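What follows is calculated from the coordinates using simple rules that are stated; it is not laboratory data. A quick note: this is a predicted structure, and the numbers were derived from the prediction, not measured. Positions of Cβ are generated from backbone atoms using ideal geometry, with glycine treated the same way; all protein chains shown enter the neighbour counts.
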Amino acid sequence: MADAEEAGATASNEPMFLISLALNEIVFVRLRGDRELKGRLHAYDSHCNLVLGDVEETVYVVDDEEQGDEVKTVKKQSEMLFLRGDSVVLISPQQ
């Protein structure tokens, strides 16, 4: 019975544990609004707020010209970025 309770406690903490393994590593973060970030994870909290350094942001923009729907990418660089957790869709180690 104690093993089942311990397993349940571990499973509920697992996502934050996985994020803790990525500290000081380069991560890929997908956001709402067709945005992606790649940068070094410096800090996080229980709300999934993130602090990233050396960030490359990619924004995908659909261009509605007469030629049809064309997707363009806009890239931006930032030295340090605070990211609010409610906009995060995915956090992954760099591929």
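So what's the projected area for region 13-57, the Cα convex hull averaged over all directions, in nm²?
Spelled out: convex hull of the Cα atoms, projected over all directions, averaged, 3.1 nm².
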Item to check | Spin-label pair Leu31/Glu70, simplified geometry with 7 Å Cα→Cβ offset, distance in nm | outcome: 2.6 nm
Checklist entry - Given a cut-off of under 8 Å on Cα pairs at least six residues apart, what relative contact order in percent is computed for region 38-95? => result 35 percent
